[in-house]
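Please treat every number below as a calculation from the coordinates, not as lab data. What you see is a predicted model; the values in this text were computed from it and never measured. Cβ coordinates were reconstructed from backbone atoms using ideal geometry, including for glycine residues, and neighbour counts include every protein chain displayed.
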Amino acid sequence: ERKRRDFTSSGTRKLFFDTHALVCLLEENGFTTQQAEIIVSALVKITEASLDIVYRDMVNKMQQEITLQQVMSQIASVKKDMIILEKSEFSALRAENEKIKLELLQLKQQVTDEMIKVRTDTKLDFNLEKSRVKELYSLNERKLLEMRTEVVALHAQQDRALTQTDRKIDTEVAGLKTMLESHKLDNIKYLAGSVFTCLTVALGFYRLWT
């Protein structure tokens, strides 16, 4: 059997792995005994250094209780300060709330007064505008009636003028017809006289030749 070498820790702490088994494992994987022992020794030193760092940052139970009491005392002090601060802030907030409520009431009253004023002014303007519209409507009705009367008068005047024109045209047409009839009768008479003269002349020539 191989000679077992112990790699004990230099301090009071215990190692949490089997150094001999690790040496054997390294030898089985091709390392010499000296190389395996050097590697394991280095791992032991690294582990001790790491544990020293960890233990240095850790506290014992007594220190932990003292720290806990200090923290609880600070928490109680902060809680007391917070209660005092909350009471003070609550009083300030209540006063500020009352102030804001008063300002809101005043603003509400101002808005109500302004709305009443606007409503009154709007109603007055509406009544004035309504009266103006009624006056304009009445004026337009009168103008429309006057225009309608004028149109009716113009239509009547045009009807009379058309009637007179029709009568005048009828009279002139009747006169022209009479004139045409007279000219027609004169032409007939002239033609009859001309025919009678021609017959007389022809009869005279006929007698002369016979």
> What is the magnitude of the charge dipole of the chain about its Cα centre, with +1 placed on the Cβ of each Lys and Arg, -1 on the Cβ of each Asp and Glu, and no other charges, expressed in debye to the nearest 20?
Replying inline: 860 debye
>> Through the Karplus equation 6.51 cos²θ - 1.76 cosθ + 1.60, θ set to phi - 60°, convert the phi angles of the stretch 104-109 into ³J(HN,Hα) values in whole Hz; use x for Gly and Pro.
In response: 5, 5, 5, 5, 5, 5
>> Please give me the summed charge of the neighbours of A192: other residues whose Cβ is under 15 Å from its Cβ, Lys and Arg +1, Asp and Glu -1.
In response: +1
> Tell me which lysines have Cα within less than 24 Å of K108's Cα, excluding those fewer than 8 residues away on the same chain?
Replying inline: K99, K117, K123
>> Taking each pair of distinct Cα atoms in the stretch 77-210 once, what is the resulting Kirkwood hydrodynamic radius in Å?
In response: 27.5 Å
> In whole Hz, what ³J(HN,Hα) sequence does the stretch 188-204 give by Karplus (6.51, -1.76, 1.60; θ = phi - 60°), x for Gly and Pro?
Replying inline: 5, 4, 5, 5, 5, x, 5, 5, 5, 5, 4, 5, 4, 4, 5, 5, x
> Taking the Cβ of L136 as the center, what net charge do the other residues with Cβ under 13 Å away carry, scoring Lys and Arg +1 and Asp and Glu -1?
Replying inline: +2
> If each Cα of the stretch 69-140 is one equal point scatterer, what is log10 of I(q)/I(0) from the Debye formula at q = 0.18, 0.22 Å⁻¹?
Replying inline: -0.83, -0.94
